[in-house]
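Written out below as C-alpha cells is the structure these notes cover.
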Amino acid sequence: MLQMMRDNAGSWIIKILLGVIVLVFIFLGLGPDRNAANDFAAEVNKTVISWDSYQSTYNRMVEMYRGQFGGSLSEDLIRALRLREQALEKLISDQLMLEEAKRQKLVVSVEELNQVVKAIPDFQVDGVFSKERYETLLKYNGLTDGQYEDMQRRSILINKLRDTVQAGAQVTEGEIEELYKYRNTEVSIDYAVFDPAAQKEVRVDDAKVEAYYKENGARYETEPEVKLSILRFAREDYTDKVAVTDEDVALYYEDRLEEFQTPETAEARHILFELKADATEEDVAAVKARAEEVYTKAVAKGADFSVLAKEFSEGPSKEQGGLIGPFTRQQVVKPFADAVFAMEEGTVSKPVRTSFGWHIIKLEKMTPESEKGLDEVKSEIRASLLAKRAEDEAYKVANDAFDTVIGSESLKGSAEMGGYPTIETDFFTRSKGPEAVPAVDRLNIAAEAFNLAVGGMSEILEYNGSNYIIQVTERKEPEVPELATVREKVEADALTRAKEEKAKELAQALLDQLSATGAFPSDTSVVTSPLFLRDGKNAKGLDRNVVSAAFGLSLETPRPEAPVSAEGKFYVIQLKERKFPTLEKFSESKETLKQELLSQKRNEVFSVWLKELRDKAEITRSSRFAELQSEGV
C-alpha cells in the first residue's frame, strides 16, 4: 500500500538542502484543500500551508541560527527566539502577499527573472553566470529549472509588492537635519568601574549555595531526550544490487530526447520605454516618438548601444547596458520574440510594441538549437538510472521491512527476526538529533521522534536518498536535578552572584556619595573619557550600555539613578560635557541619512500594511502547532 501511495504521489515536497545554494522553498506545500487534521500547519484564505512545508522552513531556520551561533543552539534559545512561530508566521505572510500580488495583477517578466538568477554568486564561475553550473546545482538539489524559476518568480513578486506598498513613504528636510544632529552630538563622562572579579574576599558557604539553588533551580533543568531504534535503508547501499544495461540507457535517451535538446536561444540588448497599462493613445504615440528619436541615435555610425541603454532605458537591465538572455522564443512576450528571432546578429530593430512598452532591440548573438548525442550523455544517464533504481530498491526493502515491523511492540525485535539490522541511538535532544544518522538528516529525524510517544513507530520517512523507520524506545522528561549532581556548577554560579552583588553594592555607595557632593572622592580611581558619539566612536572601548546611559544624561541630571551594568561590571558615571554639532558638514551626509530614514519609514509603512492584510484574512492555525507551543517547544 505504501509503495502504491509513493508511486502515485501527485507532488513532491522538497525536503533537501545540501548547503550549496540558498533556494526559495517557502512556497512548497501550498494547496487548495486540507487533507487531514494533522497534515496542515495553517490555512490562509482557504489555501493550505502543509505541515511538511512548515517543518522544513522551521528546520532551515534552526540551521541558519545554528550557523550564526557557532553551531550551538539550545532548546531554551530556540524558544526565546520563537523560531517555531517565526517559521509559521513567515509562511502565512508570504501566502497573503502572493494573493495580494495576484489581486494587483503584478507580474514578473522573463528579463527580471533572468537578472535575479544570473546575479546569484553560486551560479557563477569567475563572476559570470554559468548555465552548466546552474543546471548542475539544481539537479543536485532535486529541482528542475521550471521549479526553481517558479519559486524565484514568486519571491520577486513579493518584493515587487513590498516596493509598491512602500512607494508612498516620504521624509522631510527637517527630519533629516534632526537625525544629523542626533547622530553627531558628542558627550564626555567621568567614570569609575567596579569589577566583580576583583572582589577576592567574597566567599559562599553551604547555606548560601543551597539558598541560591532553591531560588534558581529551574536554570539547571535538563532538556527532554529520547532514544530510538532505527531502520535505515540508504540509496548508496543498494547501488550494487541493481543494474543498468546499454539498452536501458538507449531507451531512456529516446524517451526523453527533449532533455538533451537545447532550443534556439538569443542574447540581445534592448532599450525599454515603459507604458502604463492604462496608457491613452496619446501616451502611446508620445512614447513611440521618444523611442524613434533614440532609434535614430542607435543606428548612427559609431553608436554604442549599451551606452544608449544606460542613458535612456527604463527597464531593469538598464545598468547592464540593456543586456538580457540567453532566452528562448517561449521565454519572452510574443512581439519581442517575433522581432528578435527574425533579426541578424549585430542589427538594431525599429521600435517594437509589447505589453511593457516600446523596445529598441539589438541582437547580440543567436545560438541555433542543438542536440547532445547518446555517446555524450550515456554516462550521465547511466548514473541517473542507477541512482533512481537504487533509491527504488531501497524503498522497496524499506516497505517490506515496514510490513514486518508495523504493529509490533519492538521494532528492534521484529526487525531482527526479519533479518533487518537496527541502529540503537543514545539519548539526544530535539536541537541536536541522533548522531547515529547522517548530519543532514538529524533535525528531521529529531522532529519526527519528538512527535511520537514511547513505543510509537513512524511511517517510512524519506530524507536525502535514505528511508527511515523509527521507534521511540525511551524518553527522559525535563527535570531539575538534585543539587549534588550539579553542585560544582551551582557553587560557581552562587559565588559569581555574590561577587556581583558586592561590586554593585560598592558602586551604589559611591554613586550615593557622588550625588550628595557632586564630585568623586579624591581616593577614587576615575577615568575621563574623550568626547564620543552615540555609535560609540571615540569611546575608547566603553560598552554600548555605558554609551547609551551617557547620552541619557543632561546638565540638569548629570548622573543616572543606579550604577550602569556593562560587560559584567558596574560603572558609576557622571556627565562632563555635551557638544552639539554645527551644520557645516550636513550636506556631506545628507543623502545617506535621507536614504536611511526613508528605509525606516518604508519598513514602518509596510509593517502597518501587512498587519492590516493579516487582520482582514481568514487564518486558521493547526491545533498541532498550538500543542507544541503549549508544551514549550
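The values are calculated or read from the model by the stated rules, or taken from the named source; none is laboratory data. Note that the structure is a prediction, hence the values are computed from the model and not measured. Every residue, glycine among them, receives a Cβ derived from its backbone with ideal geometry; neighbour counts consider all protein chains shown. For the accessible areas, the whole protein counts, side chains as well, though only heavy atoms, and no ligand, DNA or RNA atoms are used. Shrake-Rupley method; radii C 1.70, N 1.55, O 1.52, S 1.80 Å.
Before moving on, here are some points about what is shown:
- Inter-part distance where the stretch 56-104 and the stretch 279-297 are each reduced to a Cα centre, Å: 47
- Cα gyration tensor category, rounded, prolate or oblate, for the stretch 141-248 with a/c compared to 1.5: oblate
- Comparing Cα centroids, the stretch 497-521 and the stretch 413-457 end up 56 angstrom apart.
- Estimated at 0.36 nm per residue, the fully extended path between residue 375 and residue 202 surpasses their Cα-Cα distance by 54.2 nm.
- Most positive-pole-ward Cα, 623, 101, 485, against dipole of the chain from beta carbon charges: 101
- Extreme residue, positive dipole direction of the stretch 463-565, given options 508, 542, 470 (C-beta unit charges): 542
- Cα gyration tensor, the stretch 536-581 - rounded (a/c under 1.5), prolate or oblate: oblate
- Phi-derived couplings, Karplus 6.51 cos²θ - 1.76 cosθ + 1.60 at θ = phi - 60°, listed residue by residue for the stretch 384-398: 5, 5, 4, 4, 5, 5, 5, 5, 5, 5, 4, 5, 4, 5, 4 Hz, with x used for Gly and Pro.
- In the context of the full set of protein chains, the stretch 458-534 has a per residue accessible area of 54 Å² (1.4 Å probe).
- For residue 566, residues with placed amide H under 5 Å, excluding near neighbours: 571
- Vicinal HN-Hα couplings computed from phi for the stretch 263-272 (Karplus, 6.51 cos²θ - 1.76 cosθ + 1.60; Hz; Gly/Pro x): x, 4, 10, 10, 10, 9, 10, 8, 10, 9
- Amide H to amide H distances under 5 Å link residue 41 with 49, 50, 51, where only residues 5 or more positions off or on other chains count and H is placed in the peptide plane.
- Close amide H contacts of residue 130 (hydrogens built in the peptide plane, cut-off under 5 Å, sequence separation of 5 or more or a different chain): 124, 125.
- Here residue 288 is the anchor, and the aspartates and glutamates within straight C-alpha reach of less than 18 Å, apart from those fewer than 8 places off in the same chain, are 274, 278, 311, 314.
- Shape category assigned to the chain from the gyration tensor of Cα positions, a/c cut at 1.5: oblate
- Relative contact order (percent, whole number), the stretch 493-633, Cα cutoff 8 Å, 6+ residue spacing: 17
- Virtual spin-label span in nm between residue 175 and residue 615, 7 Å along Cα→Cβ: 2.1
- Here the stretch 227-284 is treated with +1 on each Lys and Arg Cβ and -1 on each Asp and Glu Cβ, and its dipole about the Cα centre works out to around 740 debye.
- Charging the Cβ of each Asp and Glu at -1 and of each Lys and Arg at +1, and nothing else, the dipole of the chain about its Cα centre rounds to 1740 debye.
- Heavy atoms of residue 253: accessible area, 1.4 Å probe, square angstrom to 10: 30
- Annotation for the stretch 301-330 versus the stretch 385-408: alpha-carbon center distance of 54 Å.
- Per-residue ³J(HN,Hα) for the stretch 206-217, Karplus 6.51 cos²θ - 1.76 cosθ + 1.60, θ = phi - 60°, Hz, x for Gly and Pro: 4, 4, 6, 5, 5, 5, 5, 5, 4, 7, 10, x
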